[in-house]
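Just below is one structure, and these are the notes that go with it.
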Amino acid sequence: MRVGIGYDSHRLVSGRPLILGGHHIPSERGLEGHSDADAAAHALTDAILGAAGIGNIGELFPDTDPTWKNADSLAMLRTAHQRVQERGYRAVQADLTIILEGPKLGPAIPAIRRGLAEALDLPADAVSVKPKTNEGMGFIGRGEGIAVFAVASLEEY
Ligand code: MG
């Protein structure tokens, strides 16, 4: 069994959709980025790549590559999981913490879990997603952006 950690952060800006786990969350602002800026999918992608020891999301999907402009990050997660499986591992379980001051994610959590889990061919209960505020501190507390931590485990198959 192997374990990997991933981290991602994105700036919150006007005129962009807020997408987490492939789910569109009603919000006045969304995440800035080359792809759809789905920070939950990005952190989880890095966690599975890290667990397999095969690099990181920036190497697999360079932001200089127009292919990934406004890309669906769940498709990127799926592609990363294919690379992981080519090495003889597959995802078993993941746990994420999404740190943001708002909007409240509570109602969206089941859809976020389902989106991430489906991209890894896992049942929704294999992917945990926990929202947290940053108690008003720092860039997250000021609402300038959000951050996500992800841990994932892989098994050999
Ligand atoms: Mg990112």
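Of the residues Leu77, Leu31, the single one that is out of contact with any strand residue (DSSP E or B) (no Cβ under 8 Å at 6 or more places or on another chain), surrounded by 15 or more Cβ atoms within 10 Å (Cβ to Cβ) and touching a residue at least 12 places away in the same chain (Cβ under 8 Å) is Leu77.
Considering only residues that are under 24 Å from Gln85 (Cβ atoms) and not charged (D, E, K, R), look in segment 110-121 and name the one that is surrounded by the most Cβ atoms within 10 Å (Cβ to Cβ). Checked segment 110-121; the qualifying residue surrounded by the most Cβ atoms within 10 Å (Cβ to Cβ) is Leu116. Restricting attention to segment 98-121, the residues being assigned to a helix (DSSP H, G or I) and of a type in the set (Val, Ile, Thr) number 2. Within the set Arg90, Arg83, the sole residue that is part of a strand (DSSP E or B), at pLDDT 95 or above and of a type in the set (Lys, Arg) turns out to be Arg90.
Count, please, the residues in segment 122-154 that happen to be within 16 Å of Ala47 (Cβ to Cβ) and either part of a loop (DSSP other than H, G, I, E, B) or open to solvent by 70 Å² or more (accessible area, probe 1.4 Å) (or both). So the answer is 3. Being within 15 Å of the ligand (Cβ to nearest atom), in a loop (DSSP other than H, G, I, E, B) and among the hydrophobic types (A, V, I, L, M, F, W, C), is that true of even one residue in segment 31-52? Yes, because at least one residue in segment 31-52 is within 15 Å of the ligand (Cβ to nearest atom), in a loop (DSSP other than H, G, I, E, B) and among the hydrophobic types (A, V, I, L, M, F, W, C).
The values are calculated or read from the model by the stated rules, or taken from the named source; none is laboratory data. Remember, it's a predicted structure, so these values are computed and weren't measured experimentally. In this analysis, Cβ positions are derived from the backbone assuming ideal geometry, glycine residues included, and neighbour counts consider all displayed protein chains. These accessible areas exclude ligands, DNA and RNA; they are computed on the full protein's heavy atoms, side chains included. Shrake-Rupley method; radii C 1.70, N 1.55, O 1.52, S 1.80 Å.
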